[in-house]
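Below is one structure, written out as structure tokens; comments come after it.
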Amino acid sequence: MARTPHEKRRALIAGAGIGGLAAALALSRTGFLVDLFERAPALEPVGAGIQIPPNASGILADLGVLHRLEGKALEPERLRVRSGATGSQLMTMPLGREARLRWDHPMLVTHRADLQAALLDAVSQDINIHLELGARVTGVEFDATRVTLQMASDSGDLQETGDLLVGADGAHSLIRRAAGLGAIKAGYSGRVAWRALLPAEQAPAFARAKETALWLGPKTHLVHYPLRGGAFINIVAITDDEWRGDDENFWISEGDPKQLLRAFRDWDSSARKLLEAVSDWRRWPLLDAEPLKRWSAGPITLLGDAAHPMLPFFAQGAAQAIEDAAALGAAFMPRSWQETSITRGLADYERKRRARAARIQSASRKQGMIYHLAGPAALVRDMGMRALPPDMVMARFDWLYEDQRGAFLT
Ligand SMILES: Cc1cc2nc3c(=O)[nH]c(=O)nc-3n(C[C@H](O)[C@H](O)[C@H](O)COP(=O)(O)OP(=O)(O)OC[C@H]3O[C@@H](n4cnc5c(N)ncnc54)[C@H](O)[C@@H]3O)c2cc1C
């Protein structure tokens, strides 16, 4: 049925992860009525720590989300890089005020559940957004201008039609397959992340410092930072390993502490002390994929991990989903009295986002290789790091952390 001139266009979003929730807020602001469908019956407070870099925190402020993290998110004072073998410092980069001055917005760390709750809070206060939980998308039909989602729920099968569909349904995206966009399935990268939240009082003093710590060793690295006002230490230990587990329900995969300690047996004793303090590890397979050639087909597009699964070595997975959301909203920002057509808006969105996301996918892969170097190559890496003054370290992150919103609006 044709729309009356003042009727709002309807956007359907599959998946209410960080990407889907941010996209709902961004599209509502540009005049869409948004229906968001999530297969989970409740948005559970799962996961652990997540970094919110300046390129994402500015967007979250714009979307009315950042202030909801006040008192929950923490602003680390610096990034400190150490050698896993000796514990000696290789490099530091100032964060905190210095990061805000350089990149205009804060570098934060928070619990993933707190970020999700803040997004959900903003979504629930937006009368143009309807969130349907327990609705699993099972199929998609579309032509040039309309798209219909088929869904299964406890109360029976559902069907919804809209002018636009955003596939924000994660790395194993059904929408990507249904729209014929993803011949390449996101695959296991050969790396496993071991994750833990340790009560701060059980952690050695060095791990309680208000900083993000990165330790590098052969085929292993370690990241930790304090969370929730310093009450917990978020720990991520990465190993090169095979994956034997359920890759869609990874957060319930428990890890054997003895196996982890074996992988870190040649490490400095202070780092091992931190790892030994943890009894409850979750193992998380890291996925990687080559960039997609296209993100959109007719009135359908992809966003977040559905469009560009990436290794977490620049901590940009969620940030890139948030950038996608801002770019998608900007692509439909009315520039004159006439609204932008869906296909034109999607072409604009893809043009502004694809190259940057692909660059970060590939840079994250390369970063992982650099982190896990061994022997003489690792020595050269460490010498190079020791020689870099903090200002030059910051300059190397400019391309990643600079605010992208100006480019989305051109
Ligand atoms: C449970 C979980 C915990 C995580 N923890 C961390 C963390 O601690 N730190 C970190 O840096 N990153 C974490 N990640 C990854 C990070 O959140 C993502 O890289 C980033 O947020 C991209 O989000 P996304 O919204 O694109 O995808 P996702 O976060 O994967 O969200 C996709 C959503 O789509 C839903 N969905 C999938 N298929 C369907 C379907 N057929 N119908 C309806 N809904 C569907 C899923 O249930 C999910 O809610 C986690 C991801 C998940 C799912």
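Bear in mind that the values in this text are calculations on the coordinates, not laboratory data. Being a predicted model, the structure only gives us computed values, none of them experimental. Virtual Cβ from ideal backbone geometry, glycine too; neighbours counted across all protein chains shown.
Some values worked out for this structure:
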item: Subset of region 62-86 that is under 20 Å from the mean Cα position of the chain (by Cα) and of a type in the set (Lys, Arg) - its residue that is nearest to Gly49 (Cα to Cα); result: Lys72
item: Close pairs from region 285-307: first in contact (Cβ under 8 Å) with a residue 24 or more places away in the chain and more than 13 Å from Ala23 (Cβ to Cβ), partner within 12 Å of the ligand (Cβ to nearest atom) and aromatic (Phe, Trp, Tyr), Cβ under 6 Å, at least 6 apart; result: Pro285/Phe250
item: Scan of region 118-147 for residues that are within 16 Å of the ligand (Cβ to nearest atom) and either charged (D, E, K, R) or within 19 Å of the chain's Cα centre (by Cα) (or both), ordered by number; result: Ala118, Leu119, Leu120, Ala122, Val123, Glu132, Arg136, Glu141
item: 1 or more residues within 16 Å of the ligand (Cβ to nearest atom) and among the β-branched types (Val, Ile, Thr): qualifying strands (runs of 3 or more DSSP E) within region 10-117; result: 10-14, 33-38, 49-52, 108-111
item: Residue that is farthest from the ligand (Cβ to nearest atom) [pool: residues in region 310-330 that are small (Gly, Ala, Ser) and over 15 Å from Leu21 (Cβ atoms)]; result: Ala330
item: From Ala171, Ala207, Ala196, residue being in a strand (DSSP E or B) and of a type in the set (Gly, Ala, Ser); result: Ala196
item: Subset tally (residues that are aromatic (Phe, Trp, Tyr), outside any helix (DSSP H, G or I) and surrounded by fewer than 24 Cβ atoms within 10 Å (Cβ to Cβ)) for region 312-368; result: 1
item: Residues within region 148-193 that are more than 13 Å from the ligand (Cβ to nearest atom) and at positive phi, tallied; result: 3
